[in-house]
Amino acid sequence: MTMIKKVLIANRGEIALRVLRACKELGIATVAVHSTADTDAMHVRLADESVCIGPPQASESYLNIPSIVAACEITGADAVHPGYGFLSENARFADILEAHGIIFIGPTAEQIRIMGDKIEAKRTAKALGIPVVPGSEGAIRSNEELLRVAEEVGYPVLIKASAGGGGKGMTVAKGPDEVVQAAARARAEAKANFGNDEVYLERYLATPRHIEIQVLGDGQGGAVALGERDCSLQRRHQKVWEEARSPALTEEQRTEIYATCAKAMQDMKYRGAGTIEFLYDNGEFFFIEMNTRLQVEHPVTEMITGLDLVHAQLSVASGEPLTIRQDDISFHGHAIECRINAEHPETFIPSPGTITHYHPPGGLGVRVDSAVYQGYKIPPYYDSLIGKLIVHGNSRSECLMRLRRSLDEFVVDGVESTLPLFRRLIQNPDILAGNYDIHWLEKFLAKE
Ligand code: ADP
């Protein structure tokens with residue numbers, strides 16, 4: 001077992017701060033890295049040491065592997081936490097760190113690689129007993145195969161790019177007269193976006209919910225499922241509001257999917273925190289992908305389990321076996337996270353600039369994960385997240401009540417923010433009833 005003594009945090013913003021806090025609690029020294037645009041950032045101020053790794057563009061700084069490895073060597077960091085985004089799902093980065101004798105706080109490079117390839121991920125999930133969306137076995141090779149598989153799974157079908165991401169290269173076909181053209185369109189879009197025109201086919205689910213399972217493995221065959229999160233409220237495939245537990249599931253459905261996911265992670269000897277994402281339709285789960293990292297919405301799971309997921313990541317990265325078992329995990333109450341972005345609340349145009357006034361809410365059950373402060377200048381180069389408001393209550397209704405007053409208290413001046421959107425959502429009967437699918441938010445916004 002390698003006790004981690006110093007962690008370099010290869011990220012910025014609220015997640016860099018989140019990781020830094022966990023390290024401090026455990027007595028682990030921290031190294032912040034930053035671009036020249038982030039010299040005044042909170043993660044730089046609060047870290048024990050900091051290293052400038054390049055100019056503002058992420059490709060030259062937060063994605064600059066040689067700079068980050070050099071920063072590890074200069075500071076003597078023995079582990080790297082990648083946060084989310086940037087290099088967090090980059091298998092080559094994990095390989096390079098390992099070659100330098102530095103611990104990558106995350107899964108093995110091989111596990112990242114498997115889950116990073118959509119067809120391979122789906123094949124692996126299926127082999128591990130995870131339910132997948134009915135569709136082609138791997139890439140579609142001919143129009144005959146396309147028509148045959150589409151007929152088998154039933155229309156409407158969805159053509160997806162193997163190398164896909166961000167919903168690009170996805171095309172729906174309602175019947176056999178559309179499917180050949182739809183596939184050609186998906187191929188062209190995939191080629192243009194990813195330089196790879198390989199596509200596969202799935203049944204199109206019309207009104208599913210997005211429900212994901214948080215998992216944690218020790219890389220030695222120990223693994224647990226830490227409950228679900230419902231992330232159906234999305235705009236352009238970006239999650240806006242996440243909650244745990246899902247208003248849609250029964251206790252039996254939960255127990256079953258947790259057991260399936262935990263078993264799958266035990267069998268693949270998964271290491272670290274991960275999320276298995278599903279579309280949930282008519283009582284059934286269908287795997288869509290696995291994220292091999294900590295997610296933006298991980299706090300809602302922490303709020304209802306009382307577990308610190310970054311502590312857990314640091315522990316398994318040090319080689320500690322998991323000591324918790326599935327039966328030890330209990331869920332308390334309900335949590336909701338709102339992602340507050342520096343964007344216009346109706347047009348969603350990013351609004352970088354200086355925060356002239358900042359007053360986050362507080363009180364029982366209220367958590368704000370943010371790296372901004374009054375006078376902070378949000379740079380235009382990165383994501384537009386101001387912070388995450390996470391609220392916990394003993395029940396969903398108490399959580400909603402507390403969320404409403406927290407949103408009322410929250411003041412961010414100087415830039416546009418999406419706070420007004422959440423203040424509208426919290427009044428809506430469908431939201432209050434937990435009655436929404438993955439299309440609900442786009443429809444709500446279109447009606448405005
Ligand atoms: P990407 O990697 O491009 O984001 P995903 O496979 O994660 O692709 O899918 C992105 C989104 O597209 C999902 O969150 C869901 O909203 C929608 N989607 C994906 N597969 C299906 C499907 N079979 N039926 C209906 N919607 C789907």
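The values are calculated or read from the model by the stated rules, or taken from the named source; none is laboratory data. The shown structure was predicted, so the numbers you read here are calculated from the model rather than taken from an experiment. Neighbour counts run over all protein chains shown; Cβ positions are idealised from the backbone, glycine included.
Of the numbered criteria (1) in contact (Cβ under 8 Å) with a residue 24 or more places away in the chain; (2) of a type in the set (D, E); (3) away from the ligand (no atom under 11 Å from the Cβ); (4) in contact with a strand residue (DSSP E or B) (Cβ under 9 Å, 6 or more places away or on another chain), the one E151 fails is (4). Exactly one residue out of E110, E98, E145 is closer than 17 Å to R203 by Cα, charged (D, E, K, R) and either away from the ligand (no atom under 15 Å from the Cβ) or modelled with pLDDT of 95 or more (or both): that is E145.
Within segment 63-84, can one find any residue that is out of contact with any Lys or Arg (no Cβ under 6 Å at 6 or more places or on another chain), touching a residue at least 24 places away in the same chain (Cβ under 8 Å) and under 26 Å from Y200 (Cα atoms)? No, segment 63-84 contains no residue that is out of contact with any Lys or Arg (no Cβ under 6 Å at 6 or more places or on another chain), touching a residue at least 24 places away in the same chain (Cβ under 8 Å) and under 26 Å from Y200 (Cα atoms).
Given the residues G221, G164, which is the only one that is assigned to a loop (DSSP other than H, G, I, E, B), under 22 Å from V133 (Cβ atoms) and not hydroxyl-bearing (S, T, Y)? Criteria check complete, one pass: G164.
Could you tell me whether A161 is more than 23 Å from E284 (Cα to Cα), surrounded by 20 or more Cβ atoms within 10 Å (Cβ to Cβ) and within 14 Å of the ligand (Cβ to nearest atom)? In short, yes.
May I ask you to verify whether R45 is of a type in the set (D, E, K, R) and in contact with a helix residue (DSSP H, G or I) (Cβ under 8 Å, 6 or more places away or on another chain)? No, not satisfied. Annotation note: of G167, G221, the sole residue that is within 15 Å of the ligand (Cβ to nearest atom) and surrounded by fewer than 17 Cβ atoms within 10 Å (Cβ to Cβ) is G167.
Among the numbered conditions (1) without any contact (Cβ under 8 Å) to a residue 40 or more places away in the chain; (2) polar (S, T, N, Q); (3) away from the ligand (no atom under 16 Å from the Cβ), the only one that T301 does not meet is (1).
Kindly check whether there is at least one residue in segment 318-331 that is aromatic (F, W, Y), surrounded by fewer than 24 Cβ atoms within 10 Å (Cβ to Cβ) and not in a strand (DSSP E or B). Yes - at least one qualifying residue is present in segment 318-331. Of all residues in segment 191-203, those that are free of Cβ contacts under 8 Å to residues at least 24 places away in the same chain and under 16 Å from K122 (Cβ atoms) total 0.
Checking L407, L425, L421 one by one, the residue that is surrounded by 18 or more Cβ atoms within 10 Å (Cβ to Cβ) and farther than 17 Å from S232 by Cβ is L407 and no other.
Here A183 does not qualify as part of a helix (DSSP H, G or I), within 13 Å of the ligand (Cβ to nearest atom) and of a type in the set (A, V, I, L, M). The residue list E346, E337 contains one member that is surrounded by fewer than 23 Cβ atoms within 10 Å (Cβ to Cβ) and charged (D, E, K, R), which is E346.
Name the pairs whose Cβ atoms lie under 9 Å apart, with the first residue in segment 163-190 and in contact (Cβ under 8 Å) with a residue 60 or more places away in the chain, the second not polar (S, T, N, Q), and 6 or more positions between them or separate chains? That search, which allows pairs on different chains as well, returns G166/R236; G166/H237; G167/R236; G167/H237.
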